1. R0 = 30 Å: FRET efficiency of Phe36 with Phe104, Cβ-based, nearest 0.05?
2. Could you calculate the FRET efficiency of Tyr58 with Ala29 from 1/(1 + (r/R0)^6), where r is the beta carbon distance between them and R0 is 30 Å, rounded to 0.05?
3. Which net charge results for the neighbourhood of Thr120, defined as the other residues with beta-carbon distances under 14 angstrom from its beta-carbon, given Lys and Arg at +1 and Asp and Glu at -1?
4. How much solvent-accessible surface does Phe106 expose, in Å² to the nearest 10, with a 1.4 Å probe and all protein chains in place?
5. Spin-label point model (7 Å from Cα, Cβ direction): what's the Thr51 to Asp113 distance in nm?
6. Keeping every protein chain present and rolling a 1.4 Å probe, give me the accessible area per residue for the stretch 24-78 in Å².
Amino acid sequence: MKHALMALIFGSFTFGGAASPLTQAEQQAWLEDIDFYVQQVKTQHIQPFHTLAEADFYLRVERLKTQLPVLTEAQVETRLMTISRAISDGHSNYFMMSGPHQHFPFRYKFFGDTLRVIDTTPKYRNLLGLSLALSTG
């Protein structure tokens, strides 16, 4: 029930191009960004390969680069986050929300099997507390 409600809610929003593979121009931009990321890891860390072997780091980076034509932007960002985490350095981060993104004006919370609007922007304050139900029609 909870998963069906969440699918209904999030399925009602249009995510402009979020599921589209990268264009050639976007792939080129990502290649440049990934190269910059690699350079930063190598130059900004005292010992970046103490947990993840340097060869494994480069293998992951090259795999990401070769997969760019079939990945979405969110998938590229997730893979960069995974590589950063594999370094196991608390100072290594990739902030997924650093680029253009869209926020929705609602926050939801389940109370038992009932999903309610618990926060929103002033424009939608009249919806606070509203119970959301799965349509059966």
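1. With R0 = 30 Å, the Cβ-Cβ based efficiency is 0.45.
2. Numbers: r = 21 Å, r/R0 = 0.69.
Calculated value: 0.90.
3. Values: positive: Arg107, Lys109, Arg116, Lys123, Arg125; negative: Asp119.
With Lys, Arg at +1 and Asp, Glu at -1, the net is +4.
4. 50 Å²
5. It is 4.2 nm.
6. On the way: 3470 Å² over 55 residues.
Per residue, the stretch 24-78 has 63 Å² of solvent-accessible surface.
The values are calculated or read from the model by the stated rules, or taken from the named source; none is laboratory data. Computed from a prediction, not measured in an experiment: that's the story for all the values here. Cβ sites come from the backbone with ideal geometry, for glycine too, and all protein chains shown count toward neighbours. Keep in mind that these areas ignore ligands, DNA and RNA; they rest on the heavy atoms of the full protein, side chains included. Shrake-Rupley method; radii C 1.70, N 1.55, O 1.52, S 1.80 Å.
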